[in-house]
Structure formats: C-alpha cells, structure tokens
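What follows is a short report on a single structure.
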Amino acid sequence: MSLGLAGCITGDKEGSGDAGSDSGESGGDSTPSESYDFDPSNPEFPQPMQALIQTGFETGSLSDLKNMESRDEPRYGKPVKETPSDESKLLDPDKLAFAMTPTEDPAAYRTTMKPLMDNIAKETGKDVEYFPLQSYASQVEAMRSERLHVAGFSTGPTPFAVNLAGAVPFSLQVSAEGDFGYRLWLATQADNDEISALEDLKGKRVAHSEPSSNSGNQAPRALFANQGVVPGDDYEVAYSGGHEQSVLGVANGDYDAAPVCSTCVTRVANSGNLDPSKIKVVWASNPFPTTSFTYRYNLTPEIQEGIRAAFVDYDYSDTKIAETFEGRGKFTEIDYATAYDIILQIQENNGVEYKTGNLGE
C-alpha cells in the first residue's frame, strides 16, 4: 500500500511537526466565551467542539503519555535495534548529520533548529551539519546508509525508519504545559439528532479528507472498524480534499459527519472561519504522536547519550524552536513500542508493508 501515511499529507498537514501543523491553541477572537462542563481526564461524548477547544482536548498531555499501556515489543514490525556490543560495529562519525521531516523547502529548519544542533555539538563534541532532504523515502534511506545520524521523522514514516533504517525514536516535542500530538475527532452538526455516537454513522455520507491522511482516513478505517463500523461498507466515504474542507462541509450540511484532525480544525475555528459551537464531536481517539526524534542505533553509546542530553536536558522555550512549533520548546523521552502503538495498530490494520517504495513523498 503506497501511502503518504500518518502526518505526511499536503494541504492541511497533521502531526508532522511542521510549523502550523499542531496548533495546541485554544480560544481566539472568534470563539464564544460560553463555559462548558467537560472533563478531559474523563471524557464523555457527544460534546460541542468548543468545549474540547476550551479545555485543550485537541492535544494530548504528558499524563496521556504516562498512562499509555507499556509494551515490551511493538505490536507490528520489528523492535528498535539494540546498540551493538561489538565495538567494531559502532559508528563514530567525525561530523553528525541532522535532518528534520521534509517540507516544500528542505532547508527551512536550518536556522530554526540551530539552538538544538549547537547543544548536540556541545554534548557530543562533534560538529553538526543540517542535512536537507526532499522526501520521506530519501530521509529513511539516508539514515539506513549511515549518512544521516539524527533526525525528526514524521508520524507515519517513523515505523519505516525503525524497520528499515535502524532509527531509535527517543523523544517528542511538548509545550511548557506538556501538550503534544493531536487526535481524531468525529464531527457532525451540533443539532444533528441522528448522530450521537460512532455507530450512528451507518447509512450516512461521511467526509474523509484524503486517502493518505492519518486522522482523516487511515486512522478511521482502522479504529472505526475495530468498533464495528467499517468505512465504505457501513457508510459512504466522500473525499473532501482536506480537514478544513471536511469540517466546513459538515457545518454547511454537505456531509453528515467527518473524521478530522483535531488541531487542524481548531486552527480553522481560531481563524474565525468556523463557529465551533455549531459542531459537536461524538467520538475522539487517544492522542497521536507527532514528529519522533531519533538517532541511528549503532552510534557509540557516548554519542547517543550526548544526543539525548541535548534534547531532554535543555529548555528551548525562548528560541525559534518554540516560536516555529507553536510553543513546543521542550522534549520528553518516549518508548517507541508504547508511544507509537496507536500508529502501529493503524498500519497493521491497513496492511502497511515496510518498504521504501511504500513511503509517500
């Protein structure tokens, strides 16, 4: 299956870690001031979209990460490779190459990520160079061939990097408050009495954003099916072209409902293009992780330790990193098998095969 995959779409980007991809904002001039009784720690649905935005439920929290079911091995694909015990197989490059997930401008993050790269150099004693890459496949191949040593991989390509390139995901970006990631929200009109739960989609016309979208297509095809509702069988799938188009189509009555990226539609609401009190959410997923930060498994233990320290021991909240990534100026450590379990569940259910040819551009 050839996919752009989770967090790897054009248009309304979701979960990629790109600037503007994960808002985490709430409020805004266009949002009503009405107060809602919604407890993010014990969510019940349906809820007005505005209630979820006001309480920050478009993102996950550090408590969500801590409460994830711990897994010793990933449910799908290979486990993260162990650091070789044979010193002859260790990699000790003179210079470390660093790359972020590809964008339309591959060098866009060279300046943004400089404070982090400077600290990698400080902690490892190695010069660090930015390595601009133009596709997910080229990023995975660069790490596989040991030309890339440290990288931020977008959500969907992360398992490809683990399975094909020896990547070790160890960290995610978070805000000062600990917010991370995004969710799948199932949205419908607030006054639609026919849809109050996932099972009510049967027989309806539902907007999916794009085939390659995680929360707009891949995730609902896997997660909804696990709940007994099969997209395309139990309801009609209509591709809208993006999350904004999906949610606005719901608001206008063009579709009965739509699975959407929570942070994407929050941006639409905060921009004043959508009244979130007119939309209700009848189902929400656990948070999806965004960009994973990784290093190659066979770097020397000393280099690995220095790379980790450069991420998790520093606060980048007053740098361009936080400015670009909407307040996410800190990094928290993760375990791949645990934090990426929901993504692996989706990819397993959708029959994703870890081959470089299956990575979208």
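Per the 1.4 Å probe, what fraction of the accessible area of the chain, in percent, lies on carbon and sulfur atoms?
40
Ratio of region 107-155's C-alpha Rg to 2.2 N^0.38 Å, to two decimals?
For region 107-155, the normalised Cα radius of gyration comes out at 1.17.
So, for the chain, what is the accessible surface per residue at a probe of 1.4 Å, expressed in square angstrom?
Heavy-atom accessible area per residue stands at 40 Å².
In units of 2.2 N^0.38 Å, what is the alpha-carbon radius of gyration of region 93-252?
In units of the 2.2 N^0.38 Å rule of thumb, it is 1.35.
What distance in nm separates the two pseudo spin-label positions at residue 205 and residue 230, each 7 Å out from Cα along the beta-carbon direction?
2.3
Helix-only estimate, please: 222 nm mean residue ellipticity of the chain, summing -39500 (n - 2.57) across DSSP H runs of length 4 or more and dividing by its residues, to the nearest 500.
Only helices count here, giving -7500 deg cm²/dmol.
Which loop GluC sites (Glu not before Pro) in region 151-259, with loop taken from DSSP, have no more than 16 other Cβ atoms within 10 angstrom of their Cβ?
When the GluC sites (Glu not before Pro) of region 151-259 are filtered for loop state and at most 16 Cβ neighbours within 10 Å, 177, 194 remain.
Please identify every one of the GluC sites (Glu not before Pro) in region 67-138 that sits in a loop by DSSP and has no more than 15 other beta carbons within 10 Å of its own beta carbon.
69, 82, 104
So how exposed is residue 86, as accessible area in Å² (1.4 Å probe, rounded to 10)?
70
Take the Cα of residue 273, step 7 Å along the line toward its Cβ, and report every residue of region 196-231 whose backbone nitrogen sits under 17 Å from that point.
Taking a point 7 Å out along Cα→Cβ of residue 273, the residues of region 196-231 whose backbone N falls under 17 Å are 208-210, 216.
For a Förster distance of 25 Å, can you work out the FRET efficiency between the beta-carbons of residue 353 and residue 333, rounded to the nearest 0.05?
About 0.30, to the nearest 0.05.
Given an 8 Å cut-off on Cα distances and at least 6 residues of separation, report the relative contact order of the chain as a percent.
Relative contact order comes out at 33 percent.
Can you give the alpha-carbon Rg of the chain over 2.2 N^0.38 Å, where N counts its residues?
Normalised by 2.2 N^0.38 Å, the Cα Rg of the chain equals 0.98.
Return, ordered by residue number, the residues of region 325-361 whose backbone nitrogen is under 13 Å from a label point located 7 Å along Cα→Cβ of residue 135.
Once the point is set 7 Å along Cα→Cβ of residue 135, 356-361 turn out to lie under 13 Å by backbone N, inside region 325-361.
I want to check the label-to-label distance for residue 83 and residue 118. Put each point 7 Å from Cα in the C-beta direction and report it in nm to one decimal.
Label-label distance for residue 83 and residue 118, simple model: 2.7 nm.
Quick check: Cα centre of region 137-186 to Cα centre of region 190-217, how many Å?
Comparing the Cα centres of region 137-186 and region 190-217, I get a distance of 29 Å.
The values are calculated or read from the model by the stated rules, or taken from the named source; none is laboratory data. Quick caveat, the model's predicted, so the values are computed rather than measured. Using ideal geometry, Cβ is built from the backbone for each residue, glycine included, and neighbour counts are taken over all protein chains shown. For the accessible areas, the whole protein counts, side chains as well, though only heavy atoms, and no ligand, DNA or RNA atoms are used. Shrake-Rupley method; radii C 1.70, N 1.55, O 1.52, S 1.80 Å.
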